[in-house]
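Beneath this line is the structure, given in structure tokens, with notes to follow.
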Amino acid sequence: MSSPTGTSLPSALPQSSLTHSASQSASSPQHTTTLTEDPHAKIRRNIRDYVLEDLNRDMIMTTVVCLHAAVARRSYGNERRFLCPPPRVQVEGPAWQMKRQVLTMSVVSEHGENLCEHAEPLDNNMTSTFKVLYISGEARTKSVHLSLKISEPSNVDSDPGHTWATFNSAPILAIAKPSTTTSKMSTWIVSGKPVSLFHRIHSQTVSTRYMTMDHGTLSASKDAWSAFSMHIVPPATDTPSTGHLHPITHGCSIILTDTCSGISSPALIVRKVSKGTVCQNDGNPVNQMEKIALQRVNSDGTRCYLSTPRLAFARREDNMHLSATVSSEQGESYALLFQPPHTRYQVENGVQIEVDDLDDHLCWTIVGISKLQYTFFDARALNDSPPHMPITPFPTLSTSPAYCEISNTLELAGNFSYADPTTGERLLLDIYIGSLGPLPARTHQIEGVTGTTVAIVQMPSIGEVIRVLEKDTLKAAEGSSLPLLFIRPTDSVGYRMGPTMGLLRQALRVL
């Protein structure tokens, strides 16, 4: 049977010497078992109690999330143009070893050169923000990526701490300055995708203020920023379309929704700004790093624009008596206001028209946001110390799992092996479907394809799958599902690869 996506994996492949089965596991020292003792019973119980239960999941599952801009400007001369907004790392889950860990982020060129590096501790909210990363002007690179390392603190001898995780972001486009004449689909701001908005006075870095959601209010902050999804509001006569990516265009009506709280703004009109003047609608897509304004048209026809109050840019000691200053967990933030523009008339093509001139605090630079996210867990539920072996690279799947009804097997293609700490031999991670496992598996190498392994996993009987589905399932929109898990036998570090989606529901329909 082909995979859910219609892609069949090779079935007649030469078998490699790398195999893994329940019987082999039982013969190894760490997998010794008896009729009265199952070494995997605790792992299965922990999966049921913690991984499959929403309320208990944070007790053993750790998720590392990094939000960062999809585009960054190169520095120029002696000026350092810091990544904006600054990359932000959030750690969720048990704080066993994380509070003391050192987070180091590097900017790496497409050629592998380390351009800039900075270390930050986790704050009380288990968050780190890297504010001083930049791309040097001498860097001849069209793109960069961020590399996040998590290490134990250095010891008394100042030896570097053990690095047990390294995560790499998606490529970030490096530009000298935003293009005002050309537009490529790859640089469009797309409806439904996360963005960040910020502005600064007279292009001074110290005056940068980011749009954020603070206690349910759209606000501006110099310390914190939020990712917003930007959705097009279709005209009343239009039928909302689904399943397609639509660019945000100048003149369209949008709603900003905070990706964390789900709180949305009122409908706003996107306007292009050039040299401080609102441009007439051209219907063209909004581009990365473009300067825009967010307009509201009042009932009397007057126009106003979403802005940061001027006091937000004044010195802190000058603002101590002003009630507009808000004390929050994000530092000082200021509720955004709607303010009128400076209007004037000019003649275009022999016609006198009214135009709006905007100060810097009424204009916003927009940039798309990318997300790096990895989840791992201690299947022993001990959470007592950092992993002794690096947990990266994570296992990967190159195609969707393919279930074969005839043989009752699951075909997986990707990279899901680890190096034995003693011999260096590449071994297969233990494979679980929910709490079912470890499942017997044999592996093949795809000829001519480096780094990709095909694993043929022997599934339990359909009756056993049904029993576990009824007891341990995650309730998905289309029915019940079980996650695909990989667990490293040497230290029980677990990796969650997401639900098996239609696979197990398909097996149920076969019945």
Original post:
Got a sec? Which strands (runs of 3 or more DSSP E) wholly within region 44-137 have at least 1 residues that are closer than 20 Å to Arg496 by Cβ and modelled with pLDDT of 95 or more?
Top reply: 61-69, 88-92
Subject >> Selection status of Tyr432, surrounded by 22 or more Cβ atoms within 10 Å (Cβ to Cβ), of a type in the set (Phe, Trp, Tyr) and in a strand (DSSP E or B) >> reply: yes
**OP:** Scan (1) buried (at least 17 other Cβ atoms within 10 Å of the Cβ); (2) under 30 Å from Pro153 (Cα atoms); (3) touching a Leu at 6+ places or on another chain (Cβ under 9 Å) for the single condition Ala441 breaks and write down its number.
**Re:** (2)
Subject >> Residue that is farthest from Ala41 (Cα to Cα) [pool: residues in region 432-455 that are of a type outside the set (Gly, Ala, Ser), touching a residue at least 60 places away in the same chain (Cβ under 8 Å) and out of contact with any helix residue (DSSP H, G or I) (no Cβ under 9 Å at 6 or more places or on another chain)] >> reply: Glu447
Subject >> Filtered residues of region 444-466 (kept if surrounded by fewer than 20 Cβ atoms within 10 Å (Cβ to Cβ), more than 21 Å from Thr392 (Cβ to Cβ) and not acidic (Asp, Glu)) >> reply: Gln445, Ile446, Gly448, Val449, Gln458, Pro460, Ser461, Ile462, Gly463, Ile466
Subject >> Selected residue [of a type outside the set (Gly, Ala, Ser) and within 30 Å of His388 (Cα to Cα)] from Leu469, Leu410, Leu436 >> reply: Leu436
**OP:** Scan region 403-429 for residues that are assigned to a loop (DSSP other than H, G, I, E, B), more than 23 Å from the chain's Cα centre (by Cα) and either over 16 Å from Gln458 (Cβ atoms) or among the aromatic types (Phe, Trp, Tyr) (or both) and report the count.
**Re:** 6
**OP:** Could you figure out which of (1) over 22 Å from Val355 (Cα atoms); (2) out of contact with any helix residue (DSSP H, G or I) (no Cβ under 8 Å at 6 or more places or on another chain); (3) surrounded by 13 or more Cβ atoms within 10 Å (Cβ to Cβ) isn't true of Val273?
**Re:** (1)
Subject >> Set Glu405, Glu354: member being charged (D, E, K, R), surrounded by fewer than 20 Cβ atoms within 10 Å (Cβ to Cβ), over 30 Å from Val71 (Cβ atoms) and without any contact (Cβ under 8 Å) to a residue 40 or more places away in the chain >> reply: Glu354
**OP:** Would you mind telling me which numbered condition in (1) modelled with pLDDT of 90 or more; (2) farther than 30 Å from Thr277 by Cα Pro386 fails?
**Re:** (1)
**OP:** Collect the residues in region 414-437 that are under 16 Å from Tyr495 (Cβ atoms) and out of contact with any Asp or Glu (no Cβ under 9 Å at 6 or more places or on another chain), keeping them in residue-number order.
**Re:** Gly414, Asn415, Phe416, Ser417, Tyr418, Leu428, Leu429, Asp430, Ile431, Tyr432, Ile433
**OP:** Would you check if there is a residue in region 411-426 being farther than 18 Å from Leu485 by Cα and crowded, with 17+ Cβ neighbours inside 10 Å?
**Re:** no
Original post:
How many residues, within region 105-134, are more than 22 Å from Lys222 (Cβ to Cβ) and touching a Ser or Thr at 6+ places or on another chain (Cβ under 7 Å)?
Top reply: 8
**OP:** Please indicate, with yes or no, whether at least one residue in region 390-402 is of a type outside the set (A, V, I, L, M, F, W, C), at pLDDT 90 or above, assigned to a loop (DSSP other than H, G, I, E, B) and more than 25 Å from Asn168 (Cβ to Cβ).
**Re:** no
Subject >> region 103-128 residues that are within 19 Å of Lys142 (Cα to Cα) and touching a residue at least 24 places away in the same chain (Cβ under 8 Å), paired with ones that are of a type outside the set (Val, Ile, Thr) and exposed (fewer than 14 other Cβ atoms within 10 Å of the Cβ) (beta carbon under 7 Å, 6 or more apart) >> reply: Ser106/Asn114; Val108/Asn114; Glu110/Lys142
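The values are calculated or read from the model by the stated rules, or taken from the named source; none is laboratory data. These numbers were taken from a predicted model, which means no experiment stands behind them. Positions of Cβ are backbone-derived with ideal geometry, glycine not excepted, and every protein chain shown enters the neighbour counts.
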